[in-house]
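J.: There's a structure below that I have some questions on.
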Amino acid sequence: MNIRAIFVVLSTTVAAIPLSARCDPIEQVKIGVLADMSGTYADLSGSGAVKAVEMAVADFGGEMFGKPIKVISANHQNKPDIGATRAREWFDVDKVTMITDLMNSGVAVAVSKVAAEKSRIAIINGAGTDTLTNEDCTPVTVHYAWDSYAMATGMARSVTKQGGNSWFFVTADYSFGKSLEINATRVVKGSGGKVLGSARHPLAAADFSSFMLRAQMSGAQVVALADGGQDAQNAVKSASEFGLLKSGNQRLVALSLFNTDIAAIGLQTTQGIYVTEAFYWDLSDEARAWSRRFLKETGKMPSAMQAGDYSATLHYLKAVKAAGTSDASAVMRKMRELPVNDFFAKNGRIREDGRMVHDIYLMQVKSPSQSRGKWDLYNVVSTIPGDAAFQPLNQSRCPRLKG
């Protein structure tokens, strides 16, 4: 048999072997948790994100293909260049198979591009910008826990239905804050309302008094905070100092305020504020059981991002096992095929644009007299079904869907 014939036989044989057998099924699964460990989002992300991922690995059994599953972590310092550099090092040197958390939208976009270049998976639970399933989508990116479209449009629809027709935004001056403002504005104007203005502030702003003065002077019925983390906390405190929470003429809504923020500020200041959440520890028996485990480990109830870190990691590990390989393309196919059914989401699904679709919740912060304890924070006003909460797939601007 000549060399050409041997080559044809070998090629035919390899092509007949299933993908799970051709890919290396014994590559060690390594998960990198790239989080904000010390900055404005540390309570939402940080060491709690690492603990959530470690809990998921332990609950899965701690090993894959006969090898221990490894978890490593690092602080991206809310800097996209640091995040991208660390991701490249993890993929090239440490052979990390998946990176998760990725709090901060600029960091998440930068890391997802590196993941696409290296054919590795990035699962975003921290960052909110909806460009991750639009202009910045990739074949290996999953946007799991929440996004700015769902949070902003869910809130705007509810408030405009209640008569809040004129809005003023206090907005973080980077992609996440702008995306919250843009999405809420679209709903407000589509409902016949108007936006009277906005004030842009830098990340980790030291003083919000000038922004709140402009909001107060605008006369808008609704003052919307389009920021997050410590910025959102400081904005709420400043609004309280300016009397916006008690004026009766203006309503304060927070487009990205979470349970850890409410607990940090206190119910005395935040009572009555409307928020949207992707997860709350007291939603179900399953959520309460897992959240109490997390509380025992960390001293805090989980944020939606940290609960998402757990759920996403477990879903990823199940997909790797089902695929029989850590190859990104094979695992992504399984992640899209398998539904998400756990304490975080029921019948969740990952679409072709990378969006994990699940229900979200409109909440109102309790008064101190209603609360039974430190973490008893919300009354659930309504459940927003996933298909109504997240951007419809036919409106996606993801280039991959237009090919």
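The values are calculated or read from the model by the stated rules, or taken from the named source; none is laboratory data. In this text the structure is predicted, and so the values were computed from the model without any measurement. With ideal geometry, Cβ positions are generated from the backbone for all residues, glycine too; neighbour counts draw on all protein chains shown.
J.: Taking GLY163 as meeting all but one of (1) without any contact (Cβ under 8 Å) to a residue 60 or more places away in the chain; (2) surrounded by 19 or more Cβ atoms within 10 Å (Cβ to Cβ), write down the number of the exception.
T.: Here GLY163 meets the rest and fails (2).
Results for (1) modelled with pLDDT under 95; (2) surrounded by 13 or more Cβ atoms within 10 Å (Cβ to Cβ); (3) in contact with a Ser or Thr (Cβ under 9 Å, 6 or more places away or on another chain); (4) outside the structural domain of ARG120 (by TED's automatic domain parsing), shown as yes or no for each residue.
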| residue | (1), (2), (3), (4) |
| --- | --- |
| LEU10 | yes, no, no, yes |
| SER20 | yes, yes, yes, yes |
| ASP36 | no, yes, yes, no |
| VAL50 | no, yes, yes, no |
| ILE69 | no, yes, no, no |
| HIS76 | no, yes, no, no |
| ALA84 | no, yes, no, no |
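J.: Given (1) of a type outside the set (Asp, Glu); (2) over 21 Å from the mean Cα position of the chain (by Cα); (3) crowded, with 20+ Cβ neighbours inside 10 Å; (4) part of a helix (DSSP H, G or I), where does LYS321 come up short, assuming only one miss?
T.: Checking LYS321 against (1) of a type outside the set (Asp, Glu); (2) over 21 Å from the mean Cα position of the chain (by Cα); (3) crowded, with 20+ Cβ neighbours inside 10 Å; (4) part of a helix (DSSP H, G or I), the one that fails is (3).
J.: Scanning the range 158-173 for residues that are of a type in the set (Ser, Thr, Tyr) and in a helix (DSSP H, G or I), which turns out nearest to the chain's Cα centre (by Cα)?
T.: Per the criteria, the residue is SER158.
J.: Sort out which residues of the range 336-356 are crowded, with 21+ Cβ neighbours inside 10 Å, in a strand (DSSP E or B) and not charged (D, E, K, R), and write them in order of number.
T.: If the condition is that a residue be crowded, with 21+ Cβ neighbours inside 10 Å, in a strand (DSSP E or B) and not charged (D, E, K, R), then VAL340, ILE350, MET356 are the ones that fit.
J.: Checking the condition part of a helix (DSSP H, G or I), assigned by TED's automatic domain parsing to the domain that holds LEU44, buried (at least 17 other Cβ atoms within 10 Å of the Cβ) and not basic (Lys, Arg), which residue from MET305, MET301 passes?
T.: Of MET305, MET301, the one residue that is part of a helix (DSSP H, G or I), assigned by TED's automatic domain parsing to the domain that holds LEU44, buried (at least 17 other Cβ atoms within 10 Å of the Cβ) and not basic (Lys, Arg) is MET305.
J.: Could I ask something else about it? Any residue at all in the range 244-264 that's modelled with pLDDT under 95, aromatic (Phe, Trp, Tyr) and within 23 Å of ASN165 (Cα to Cα)?
T.: No - not one qualifying residue is present in the range 244-264.
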